[in-house]
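The values are calculated or read from the model by the stated rules, or taken from the named source; none is laboratory data. Note that the structure is predicted; figures quoted are calculated from it, not measured. When we count neighbours, we look across all protein chains shown, and the Cβ atoms used for this are built from the backbone with ideal geometry, even at glycine.
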Amino acid sequence: MPYGEITEAIGKSAATVRQIARRAREHVAARRPRVQVSRSEQQAVVERFLVALRTGQLQELMEVMAPDVVLIADGGGLAAAALAPIHGAELVAKLLARANRVVTAFETTTVWLNGAPAGRIEIDGEPAAVSLVVENGRVTRIYVMRNPRKLTRLDEPTELAR
């Protein structure tokens, strides 16, 4: 698509769109991996995060997250979720710990999501998925999916085809 059409579609300036495209081409050319940590490190951090979340240990949640962690949630207008990104370990930990205390049934398990270890959370019988970005042994971004339309196949293995 021409840059002009892209700028209209996403509401960014032409210069910004060109910069994004240049960075994307460089990333593809460099063939850098999407995730910079090993699966075992990702798995260990995910499990540590889920245990702290399940047990409501605020201090442990703070320790597993980077100080500048960002939580982004998607409820799709169909499930309760934060409407804007939440920044900072203290705010994110308090929000997650409060969510655990408010519900009557809260369970966590490790699942594979987008080719990496992630979390499946059941909140009063409703599923949610938690995908974590891990850098230097700590969580830097948390993506919480509560939109039921996007969770329909969370518990099903997906056949990969080329």
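Before moving on, here are some points about what is shown:
- Those residues of segment 7-60 which are of a type in the set (Val, Ile, Thr) and in contact with a Lys or Arg (Cβ under 8 Å, 6 or more places away or on another chain), in sequence order: ILE20, VAL45
- Single match in VAL69, VAL17, VAL28 (criterion: over 26 Å from ALA97 (Cα atoms) and surrounded by 15 or more Cβ atoms within 10 Å (Cβ to Cβ)): VAL17
- Members of segment 118-127 found to be modelled with pLDDT under 85 and assigned to a strand (DSSP E or B), listed by number: ILE121, GLU122, ILE123, GLU126, PRO127
- Test: THR140 is buried (at least 20 other Cβ atoms within 10 Å of the Cβ) and part of a strand (DSSP E or B): no
- The residue of segment 84-106 that is surrounded by the most Cβ atoms within 10 Å (Cβ to Cβ), among those that are more than 22 Å from GLU63 (Cβ to Cβ) and modelled with pLDDT under 85, is VAL103.
- Contacts under 7 angstrom Cβ, first residue in segment 113-140 being over 14 Å from ARG153 (Cα atoms), partner of a type in the set (Lys, Arg) and in a strand (DSSP E or B), 6 or more apart: VAL133/ARG141
- Hits in segment 37-57 - residues which are assigned to a helix (DSSP H, G or I) and within 16 Å of TRP112 (Cβ to Cβ): ARG39, SER40, GLU41, GLN42, GLN43, ALA44, VAL45, VAL46, GLU47, PHE49, LEU50
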